[in-house]
Amino acid sequence: MHWRSLLSVVLVTPFSHALIRFPCSQLVTERFDPLVTPGIVSPHLHQIIGANAFNLSIPSAYDPATASCTTCRFKEDKSNYWTAVLYFKHPNGTFMRVPQMANQYVGSPNGGMTVYYIQPPNGAKVTSFPRGFRMISGDPFIRNNTWIPPNTAVSRALTFRCFSDNFGNNNGSPGAGTDTVNLPKQKCTGGIRSNIYFPSCWDGVTLDPPDHHSHVAYPEGPLPSDGSLFFNANPCPSSHPVRLPMIFMETVWDTRQFNMWPTDGSQPFVYSMGDPTGYGQHADYVFGWEGDSLQRAMDTCTDISGVPDSCKALTVQTDAQINSCKQAVQVNEVTEGQYLPRLPGCNPVQPGPARATMFSTCDAVSTTGGVPSSTATAAPPPTTSMPSSAQAAHYAQCGGKNYNGPTSCQAPYTCKYSNDYYSQCL
Ligand SMILES: *[C@@H]1O[C@H](CO)[C@@H](O)[C@H](O)[C@H]1NC(C)=O
Ligand SMILES: *[C@@H]1O[C@H](CO)[C@@H](O)[C@H](O)[C@H]1NC(C)=O
Ligand SMILES: *[C@@H]1O[C@H](CO)[C@@H](O)[C@H](O)[C@H]1NC(C)=O
């Protein structure tokens with residue numbers, strides 16, 4: 001089945017509709033956030049995709065030519081995108097990073113995200129992002145949504161889909177129907193997908209204001225009848241008149257191995273900034289498409305399914321190419337592959353509903369300093385810190401190029417080849 005048919009319930013729209021949809025593998029997972037905390041290690045952990053020029057800070061006049069590869073399907077996309085990382089909180093109080101898995105109909109990327117650039121359904125002119133453009137969607141400190149007006153774009157911009165087995169319960173366009181604004185409160189036996197829409201209206205002037213979001217806005221007015229931004233043809237507000245491609249991102253969290261729910265029934269997942277509600281999920285974008293490639297793609301790639309091969313304006317990379325573009329972790333700390341006594345950066349779990357506060361006393365690596373020069377190049381990826389004698393758990397990684405963790409699985413599971421970069425205990 002083609003992914004697009006999953007949206008069939010909303011395909012009664014009379015509009016032509018065009019988009020590109022593609023996977024980007026994981027580049028690195030570490031406490032970097034060059035938008036919010038340039039030059040210093042971030043308070044919380046992010047998963048990062050895109051070009052390998054990513055760093056603790058990215059020059060405001062970032063030149064895509066400084067990247068030698070990208071984890072994205074289109075070679076021209078030298079942008080970076082990142083989101084917070086989901087952890088499982090064990091009933092004994094320790095935290096394990098939730099692995100990610102490939103989305104449906106994207107090939108075999110190593111984790112990462114699925115990225116969409118969506119044009120308005122009414123065929124209106126779309127203007128590519130200018131060089132130097134950056135933005136943020138969401139706010140890591142938010143812990144409730146009662147202040148957001150219902151039936152507006154912003155009220156459904158950040159949501160979750162609760163999959164039953166094998167991507168079941170995949171109904172309606174993202175953010176519609178049973179998708180929730182909070183982390184699902186029930187067990188999702190097939191995993192949880194984050195749905196993040198960025199604002200698609202720009203003031204036409206500002207590349208990156210100090211708050212990283214006031215230069216952009218969501219389209220005005222009530223949502224279409226299906227309740228999702230996906231087919232939103234509403235106009236941009238007069239304050240932000242320039243229509244940008246609408247960036248939408250999906251992350252599939254492989255929660256299948258975490259069946260140890262607290263006896264009180266509360267959901268056990270928590271975002272890396274200490275958010276157990278999900279209201280604080282957020283994403284960052286640094287535009288970095290080469291030349292006018294994104295504008296050309298928006299002008300000429302009008303396939304309604306957004307399949308990469310149908311976009312002749314761009315260069316498609318193989319799974320092997322996107323999975324081999326990687327960065328070494330530069331913060332000397334373990335963030336995944338084992339149960340951790342606390343979240344990286346010492347973030348306490350803050351359920352709200354009040355706005356979360358920064359935790360000021362933390363002895364984690366370089367929370368307010370730079371990357372220590374002694375560890376900047378020497379730190380191994382976290383997975384390498386696992387003792388080689390350990391056995392990988394059910395669903396954990398057990399092989400793949402550049403992987404140095406355990407290669408045998410806890411009984412009764414066996415290590416199964418998934419692609420050259422990822423084998424899994426199944
Ligand atoms: C990141 O920045 C550091 C410090 O300026 C530099 O040594 C390193 O080469 C940079 N890495 C990349 C991938 O640009
Ligand atoms: C918590 O449980 C996990 C999974 O069983 C175990 O690996 C870890 O050692 C436990 N930690 C503590 C502090 O009890
Ligand atoms: C809900 O969140 C908003 C935004 O962070 C905050 O201003 C408000 O105080 C919160 N409500 C409660 C009851 O804490």
Those residues of segment 143-173 which are under 18 Å from A84 (Cβ atoms) and under 18 Å from the mean Cα position of the chain (by Cα) amount to A157, L158, T159, F160, R161
In segment 318-333, anything under 18 Å from N80 (Cβ atoms) and among the aliphatic types (A, V, I, L, M) is listed as I322, A328, V329, V331
Residue hits (segment 156-170; within 16 Å of S228 (Cβ to Cβ) and either touching a residue at least 40 places away in the same chain (Cβ under 8 Å) or not assigned by TED's automatic domain parsing to the domain that holds I247 (or both)) are R156, A157, L158, F160, N170
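The rows are residues; the columns are (1) touching a Gly at 6+ places or on another chain (Cβ under 8 Å); (2) buried (at least 22 other Cβ atoms within 10 Å of the Cβ); (3) not small (G, A, S).
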{"residue": "S60", "(1), (2), (3)": "yes, no, no"}
{"residue": "G107", "(1), (2), (3)": "no, no, no"}
{"residue": "G123", "(1), (2), (3)": "no, no, no"}
{"residue": "F129", "(1), (2), (3)": "no, yes, yes"}
{"residue": "R143", "(1), (2), (3)": "yes, no, yes"}
(request) Kindly indicate whether any position in segment 18-25 is under 16 Å from the mean Cα position of the chain (by Cα), modelled with pLDDT under 95, away from ligand 2 (no atom under 16 Å from the Cβ) and crowded, with 19+ Cβ neighbours inside 10 Å. (result) no
Taking segment 126-168 and keeping only residues that are away from ligand 3 (no atom under 16 Å from the Cβ), part of a strand (DSSP E or B) and closer than 30 Å to Q295 by Cβ, one is left with R134, M135, T159
In segment 86-125, residues that are basic (K, R) and either assigned to a loop (DSSP other than H, G, I, E, B) or in contact with a helix residue (DSSP H, G or I) (Cβ under 7 Å, 6 or more places away or on another chain) (or both) total 1
F95 passes all but one of the listed conditions (1) more than 16 Å from ligand 1 (Cβ to nearest atom); (2) within 29 Å of S310 (Cα to Cα); (3) at pLDDT 95 or above; the exception is number (2)
Checked D292, D303 against criteria (farther than 21 Å from P130 by Cα and either out of contact with any helix residue (DSSP H, G or I) (no Cβ under 6 Å at 6 or more places or on another chain) or of a type outside the set (A, V, I, L, M) (or both)); the one match is D303
When restricted to Y279, Y285, Y271, the only residue of a type outside the set (K, R), assigned by TED's automatic domain parsing to the domain that holds T70, closer than 21 Å to G132 by Cβ and touching a residue at least 40 places away in the same chain (Cβ under 8 Å) is Y285
In the set S173, S194, the lone residue that is crowded, with 20+ Cβ neighbours inside 10 Å, assigned to a strand (DSSP E or B) and in contact (Cβ under 8 Å) with a residue 24 or more places away in the chain is S194
Residues in segment 294-340 that are touching an Asp or Glu at 6+ places or on another chain (Cβ under 7 Å) and without any contact (Cβ under 8 Å) to a residue 12 or more places away in the chain total 1
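Each row is one residue, and each column tells you yes or no for (1) at pLDDT below 85; (2) of a type outside the set (G, A, S); (3) within 16 Å of ligand 2 (Cβ to nearest atom); (4) not assigned by TED's automatic domain parsing to the domain that holds E30.
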{"site": "Q317", "(1), (2), (3), (4)": "no, yes, no, no"}
{"site": "R342", "(1), (2), (3), (4)": "no, yes, yes, no"}
{"site": "N347", "(1), (2), (3), (4)": "no, yes, no, no"}
{"site": "T357", "(1), (2), (3), (4)": "no, yes, no, no"}
{"site": "D363", "(1), (2), (3), (4)": "yes, yes, no, no"}
{"site": "T375", "(1), (2), (3), (4)": "yes, yes, no, no"}
Those residues of segment 66-92 that are of a type in the set (F, W, Y), away from ligand 1 (no atom under 16 Å from the Cβ) and farther than 19 Å from C301 by Cα come to a total of 3
The residue from F167, F230 that alone is at pLDDT below 95 and under 25 Å from F88 (Cβ atoms) is F167
Is segment 41-56 home to any residue that is of a type in the set (V, I, T) and either modelled with pLDDT under 95 or within 16 Å of ligand 2 (Cβ to nearest atom) (or both)?
yes
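The values are calculated or read from the model by the stated rules, or taken from the named source; none is laboratory data. None of the values given here were measured: they were computed from a predicted structure. Glycine gets a Cβ as well: all are built from the backbone with ideal geometry, and neighbour counts include every protein chain shown.
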